[in-house]
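Beneath this line is the structure, given in structure tokens, with notes to follow.
Bear in mind these aren't lab numbers, they're just calculated from the coordinates by the rules spelled out. Everything numeric here is computed off the predicted structure, so don't read it as measured data. Cβ: placed from backbone, ideal geometry, glycine included. Neighbour counts: every protein chain shown.
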Amino acid sequence: MKIAVAGTGYVGLVTGVALAHIGHNVTCVDIDVRKINLMQQGISPIYEKDLEELMEVNKERLNYTTNYKEAYSNADVIFIGVGTPEKEDGSANLTYLYAVCDQIIESVKKDVVVVVKSTVPIGTNDEVENYLNERVNNGIKISVASNPEFLAQGTAVHDTLYATRIVVGVEDDYAKDIMTKVYEPLTKEPFNVPFLTMDRRSAEMVKYASNDFLALKISYINEISNFCEKIGADIEKVTNGMSYDPRIGNKFLNPGIGYGGSCFPKDTKALHFLSQEYDSEIKTIKASIEVNKRQKTIIFDKLREKFDDLENLNVAVLGLTFKVGTDDVREAPSLDNIKLLLETGANVNAYDPIGINNFDRALFQDKKLEKYRDNLTYFNSIEETIKDSDVVLIMTEWPEIKEFDLSKYSSLMKTPYIFDGRNCYNLDDVKKHDIYYNSMGRKVIENIKISL
């Protein structure tokens, strides 16, 4: 089938490449000329495991262009994978979505199915279909399908090809038949992905309900972790005991410094906003948002409890992205904590294997922080970052950090105080070294006695 994909971010580009991989001819459309030029050279504009390899393998079925008229004019299916960022009030900004709709209206020459993969408020697909059909000319019929994505950054390619399920929301047989044909290869060997069809509003809700449930689970275990510290329990032993219950499982039970990225923060706020609009506030989602906001800076709070004054303190920050396997820093706890460190007078050295450029752009979008730029230095190795530092804060559990030789903390740092927001190290291993180690939901290891 001839498929066009609007947007070449994490959702759009991965979707386009995956559809090409299962045999479709795909044109990826973006208004960003720089990104299109990169992709035409076989270079992915986003960091995602296996993506460039699949772009190369399927290059005969992939085209990248800014010419939306040509891409949409004769497409059988048009996927929309543009961003729906949150507004200040937490609601979803649909500006980019409707901009693509206007381009489709201007371009299509035959009946087409428009597939909304972007995460949108419940009811949006109904509104999009009405918007399109009220404005399109020449008797063309546009059917809209909701097809939410469930990928995770860092494993997006695998999550798309070997998805836990494909959810499609449709309101007519034409759209259902087309979407069945689009995804038929993924329902067979070697992928064997379950294919679910339902009404559009239910499909939209599946996305929010799934993401927000996972966000709730993260927030819950973080609160339990914080309480474990108060009562002297070990969160790792607690979660291990919980994980044997099949109703709970072992996923999303790792304590940390909150969730970030492009999905969970935005989707929890959007669903909470929508529930208020319907006068049916979902209080558990509201609680998750509040818990996560506090959790993101809990490592800074621990630091303040230990050090009375942070001015001129040399702080090394290991990890800047919101999770491993991605260069995405949206809603990353590192942003909140480094901002606080700079504002309290600390000197910050920072390390991340792939996220430094994105982090620097994101941090200094706040022009008020420009005056602290000289107090922030980036390094390409952990050793350089921690050398002569007073404190280390661990923000992301990159393998390079988890596998780092613990003895180097005491040999390279001025005072080996480590605050680990991701529980990178085994406590029995930590006990063998002359370091102070404060992690999440576990006993503090105090193997040094240094006057502060």
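Structure data summary
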| read-out | value |
| --- | --- |
| Full-stretch length increase - Asp245, Arg361 - with 0.36 nm per residue and alpha-carbon distance subtracted | 37.4 nm |
| Phi-based couplings in Hz for the range 60-71 (Karplus 6.51, -1.76, 1.60; Gly and Pro marked x) | 6, 10, 10, 9, 10, 7, 9, 7, 5, 4, 5, 5 |
| Ranking of Leu320, Leu303, Leu216 by count of other Cβ atoms within 10 Å, fewest first | Leu216, Leu303, Leu320 |
| In nm, spacing of pseudo-spin labels at Lys141 and Ile31 (7 Å Cα→C-beta vector) | 3.2 nm |
| Residues Gln276 and Glu400, FRET efficiency given R0 of 41 Å [Cβ-Cβ distance, rounded to 0.05] | 0.45 |
| Helix axis angle, 173-183 relative to the chain longest principal axis, alpha carbon, degrees | 50 degrees |
| Fewest-first ranking of Phe252, Phe300, using other Cβ atoms within 10 Å as the exposure measure | Phe252, Phe300 |
| Antiparallel %, DSSP beta bridges [both residues in the range 69-145], to 5 | 10 percent |
| Calculated FRET efficiency for the pair Lys432/Asp388, C-beta based, R₀ 35 Å, to 0.05 | 0.90 |
| Sparse-neighbourhood loop sites, trypsin sites (Lys or Arg not before Pro) in the range 385-429 - DSSP loop, at most 16 other Cβ within 10 angstrom | Lys414 |
| In degrees, nearest ten, helix 200-231 long axis to first principal axis of the chain (Cα) | 10 degrees |
| Nonlocal amide H pairs with Cys28, under 5 Å, H built at 1.01 Å | Val5, Asn63, Tyr64, Thr65 |
| The chain: relative contact order as a whole-number percent, Cα under 8 Å and 6+ apart | 11 percent |
| Lysine-lysine proximity count for the range 357-452, Cα under 27 Å, sequence distance 8 or more or distinct chains | 26 |
| Leu376, Leu19 arranged by Cβ crowding within 10 Å, fewest neighbours leading | Leu376, Leu19 |
| FRET efficiency estimate (nearest 0.05) - Cβ-Cβ, Asn312 to Leu196, R0 51 angstrom | 0.30 |
| Under 5 Å, built H, 5+ apart or other chain: amide partners of Val114 | Ile78, Ser143, Val144, Ala145 |
| Cα long-axis angle, helix 10-21 against the chain (0 to 90 degrees, to the nearest 10) | 60 degrees |
| Hz values of 3J(HN,Hα) by residue in the range 335-351 - Karplus curve (6.51, -1.76, 1.60), Gly and Pro given as x | 4, 5, 6, 5, 4, 5, 4, 5, 5, 9, x, 6, 9, 10, 10, 10, 9 |
| DSSP bridge pairs, the chain: antiparallel proportion in percent, nearest 5 | 10 percent |
| Placed amide H near Thr377: partners under 5 Å, 5+ positions off or other chain | Val348, Asn349, Ala350 |
| The range 251-380, relative contact order [Cα under 8 Å, separation at least 6], % | 24 percent |
| Whole-angstrom gap from the range 129-181 to the range 368-434, using each part's C-alpha centre | 45 Å |
| Integer Hz, Karplus 6.51/-1.76/1.60 couplings in order for the range 371-384, x for Gly and Pro | 5, 9, 4, 5, 8, 10, 10, 9, 10, 9, 9, 5, 4, 4 |
| Trypsin sites (Lys or Arg not before Pro) within the range 213-253, DSSP loop, no more than 12 other Cβ atoms inside 10 Å | Arg247, Lys251 |
| Highest average packing first - 268-277, 109-118, Cβ atoms within 10 Å | 109-118, 268-277 |
| Theoretical ellipticity at 222 nm over the chain - DSSP helices of four or more residues, -39500 (n - 2.57) apiece, nearest 500 | -12500 deg cm²/dmol |
| For the chain, with +1 on Lys and Arg beta carbons and -1 on Asp and Glu, the positive-most of Ser275, Leu62, Val77 along the dipole | Ser275 |
| Qualifying trypsin sites (Lys or Arg not before Pro) for the range 1-59 [loop in DSSP, other Cβ within 10 Å: at most 14] | Lys49 |
